[in-house]
Amino acid sequence: VLVYVVDISDRFQIPSASVGLLDVLNHPKMQGKPSIIVLNKIDLPYKMPRREVDYFLRLTEIAEMRNPADLKTRVDRTKHVGNSKRRSGEHENFMVFEVSAATGAGFDKVFEAVQMVLARLASKG
């Protein structure tokens, strides 16, 4: 399981975070492995808008590549990728959550997702 944390308050590090994320996801050992992207520092007033983060990190494209499904599911997913309000128990290989390490906001959903992924992996043997 990959848990990749991105500081969305620092616009200057987003390009390197994007390159790093794509490098890790494209590694042969990561093919088909679950990935959880954690966007941190949502509590700060100068954080990047979510639309920009999605664009620069290419989150919608990555979600479509990592979660093969029928077209309707893909369309629904692109509308909701990374929405921290969506359910995490969808058995997906790529999930995005917004959190604040300072306040603890959003971590409950991240922990639920990690537990769900680990349980799924354990059941596969």
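No lab work stands behind these numbers, since they all come straight from the coordinates. Quick caveat, the model's predicted, so the values are computed rather than measured. Every residue, glycine as well, gets a Cβ built from its backbone with ideal geometry; the counts of neighbours run over all protein chains shown.
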Fill in: Separation in nanometres of the label points that stand 7 Å from Cα toward Cβ, at R11 and E112
3.4 nm
Response to the item:
If amide H atoms are modeled at 1.01 Å from N in the peptide plane, then the residues at a separation of 5 or more from S35, or on another chain, having amide H under 5 Å from its own are L2, F94, M95
Item to complete: Quick one: which residues, 5+ away or cross-chain, put their amide H under 5 Å from the amide H of E98? H built at 1.01 Å from N.
Response: L39, S84
